[in-house]
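Peer 1: This is the structure, below, for whatever I ask next.
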Amino acid sequence: MSKQLDENLKRCPKCGSMHFFEVDYRQYMGETYSSTPGGELRAISSALKVCVCLCGEPVLASSIRSLLPEERESLVTSFERAAQHREQREPEHLIARLQESFVSRPEFQTAVDAVEKLGHVAESLANEKDAGAPSGESGVI
Ligand SMILES: [Zn+2]
């Protein structure tokens, strides 16, 4: 493959792959009744081609420019919603959300160390009290 051709190949923004499959996406009418299996799904738009990378990332093809404005806007809106949904499910986002609710290992260790220090302080105070208190007042009979 020539370098010129390689540079012009469409690449996945997520993984850099250069291989895609084309999928037809349509809008369907919901909540319709049909006695035939699958008959309740009725396509109400023409097929809109979307490229999907080997990694699963959809990539809008430049051919969307040839769509009718309302079809293009509808497809781009769906595309953006799906991208936002996928983004929220990526491990980095999940970890960031979990970090808001849970302590990290260093934070946990800091808390454990502080509790141990308090335990030592309480123990030494108890020892000082036992050593300094006159017999008979320690409460032990
Ligand atoms: Zn990819």
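The values are calculated or read from the model by the stated rules, or taken from the named source; none is laboratory data. Being a predicted model, the structure only gives us computed values, none of them experimental. No Cβ is skipped: glycine too gets one built from the backbone with ideal geometry, and neighbour counts run over all protein chains shown.
Peer 1: Inside the range 1-105, counting only helices (runs of 4 or more DSSP H) that do not spill past its ends, which hold 2 or more residues that are out of contact with any strand residue (DSSP E or B) (no Cβ under 8 Å at 6 or more places or on another chain) and within 16 Å of the ligand (Cβ to nearest atom)? First the steps, then the outcome.
Peer 2: Working: elements: 3-8, 69-88, 91-101.
Correct list: 69-88.
Peer 1: Any idea how many residues of the range 106-136 are within 39 Å of the chain's Cα centre (by Cα) and either among the aliphatic types (A, V, I, L, M) or not in a helix (DSSP H, G or I) (or both)?
Peer 2: Matching residues across the range 106-136 total 4.
Peer 1: Somewhere in the range 11-30, is a residue over 26 Å from Glu90 (Cα atoms) and among the small types (Gly, Ala, Ser)?
Peer 2: Yes.
Peer 1: Here's something else I'd like to know. Which condition does Arg72 not pass, out of (1) among the basic types (Lys, Arg); (2) within 30 Å of Glu22 (Cβ to Cβ); (3) over 17 Å from the mean Cα position of the chain (by Cα); (4) modelled with pLDDT of 90 or more, if it passes all the others?
Peer 2: Of everything listed in (1) among the basic types (Lys, Arg); (2) within 30 Å of Glu22 (Cβ to Cβ); (3) over 17 Å from the mean Cα position of the chain (by Cα); (4) modelled with pLDDT of 90 or more, Arg72 misses just condition (4).
Peer 1: Scan the range 53-95 for residues that are exposed (fewer than 15 other Cβ atoms within 10 Å of the Cβ) and among the aliphatic types (A, V, I, L, M) and jot them down. If you could, list the steps in order and put the result at the bottom.
Peer 2: Taking the range 53-95 as the starting set, the residues that turn out to be exposed (fewer than 15 other Cβ atoms within 10 Å of the Cβ) are 54-56, 62-63, 65-66, 68-70, 73, 76-77, 80-95.
Across the range 53-95, the qualifying residues are Leu54, Leu68, Val76, Ala82, Ala83, Leu94, Ile95.
Peer 1: OK, next. Going by the structure shown, is Ser17 among the polar types (S, T, N, Q) and in contact with an Asp or Glu (Cβ under 9 Å, 6 or more places away or on another chain)? Outline the logic, then answer.
Peer 2: Numbers: among the polar types (S, T, N, Q): yes; in contact with an Asp or Glu (Cβ under 9 Å, 6 or more places away or on another chain): yes.
Yes; evaluated as a whole, the condition is true for this residue.
Peer 1: So, one more: Take the conditions of a type in the set (A, V, I, L, M) and in the same structural domain as Cys15 (by TED's automatic domain parsing) and apply them to Leu41. Does it pass? Reasoning before the result, please.
Peer 2: Numbers: of a type in the set (A, V, I, L, M): yes; in the same structural domain as Cys15 (by TED's automatic domain parsing): yes.
Against the criterion (of a type in the set (A, V, I, L, M) and in the same structural domain as Cys15 (by TED's automatic domain parsing)), Leu41 qualifies.
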